[in-house]
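One structure is given here, and the rest of the page talks about it.
The values are calculated or read from the model by the stated rules, or taken from the named source; none is laboratory data. Just so it is clear, the structure is predicted and the values come from calculations on it, not from any experiment. As a convention, Cβ positions derive from the backbone with ideal geometry for all residues, glycine included, and neighbour counts pool all protein chains shown.
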Amino acid sequence: MKKGQKIISWILRVLLSLGFLLASSGKLTGNEAVIGMFENWGFPTGFSVIIGVLELFLAILLLIPKTLKIALLGLAIIMVGAVVTHLINDPVGEVIRPLLFLVLLGVVYYLNFRNKNPRVLEQEI
């Protein structure tokens, strides 16, 4: 990976990590508004805490190079769930934040794990 790409990747990873830490805080502190949203969406009691714990854990893993791929996968799954939940239950504008997070996770994945030598792929075919 080129130096510029590495810097961009780390900036995005830190920003995403902070974003997920903030998102998890509302779920983990028992914020009544957050708990109410999850209940209105039809999720069982305590599901918001599970999502909050996962977001917190994966936000930390996002900053560890050896666990980056699993963090990206886990957070992407959570964001796909968030997008679907908002599309079903909320005004369309509520989809923007989880969709933006999902796109940024994809950019980080691309910067770190894209095929560095396209000829290798051609030779396998």
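Residues are listed down the side, and each one gets a yes or a no for (1) in a helix (DSSP H, G or I); (2) among the hydroxyl-bearing types (Ser, Thr, Tyr); (3) in contact with a Pro (Cβ under 7 Å, 6 or more places away or on another chain):
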| site | (1), (2), (3) |
| --- | --- |
| Leu21 | yes, no, no |
| Met37 | yes, no, no |
| Phe43 | no, no, no |
| Leu63 | no, no, no |
| Ile70 | yes, no, no |
| Leu75 | yes, no, no |
| His86 | yes, no, yes |
Going through segment 53-69 one residue at a time, which ones are in contact (Cβ under 8 Å) with a residue 40 or more places away in the chain and either of a type in the set (Asp, Glu) or closer than 28 Å to Gly30 by Cβ (or both)? Ala59, Ile60, Leu62, Leu63
Odd one out for Asn115 among (1) within 30 Å of Gly4 (Cβ to Cβ); (2) in a helix (DSSP H, G or I): (2)
Could you please give the count of residues in segment 82-99 that are loosely packed, with under 13 Cβ neighbours inside 10 Å and within 17 Å of Phe20 (Cα to Cα)? 1
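Rundown of residues vs (1) modelled with pLDDT under 95; (2) under 11 Å from the mean Cα position of the chain (by Cα); (3) of a type in the set (S, T, N, Q), yes/no style:
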{"residue": "Asn31", "(1), (2), (3)": "yes, no, yes"}
{"residue": "Ile35", "(1), (2), (3)": "yes, no, no"}
{"residue": "Asn40", "(1), (2), (3)": "yes, no, yes"}
{"residue": "Gly46", "(1), (2), (3)": "yes, no, no"}
{"residue": "Ile50", "(1), (2), (3)": "no, no, no"}
{"residue": "Glu55", "(1), (2), (3)": "no, yes, no"}
{"residue": "Ala59", "(1), (2), (3)": "no, yes, no"}
How do the pairs read when you match residues in segment 5-33 that are closer than 15 Å to Phe47 by Cβ and buried (at least 18 other Cβ atoms within 10 Å of the Cβ) with residues anywhere that are among the charged types (D, E, K, R) and modelled with pLDDT of 95 or more, using Cβ under 7 Å and keeping only pairs 6 or more apart or on different chains? Ala23/Glu55; Ser24/Glu55
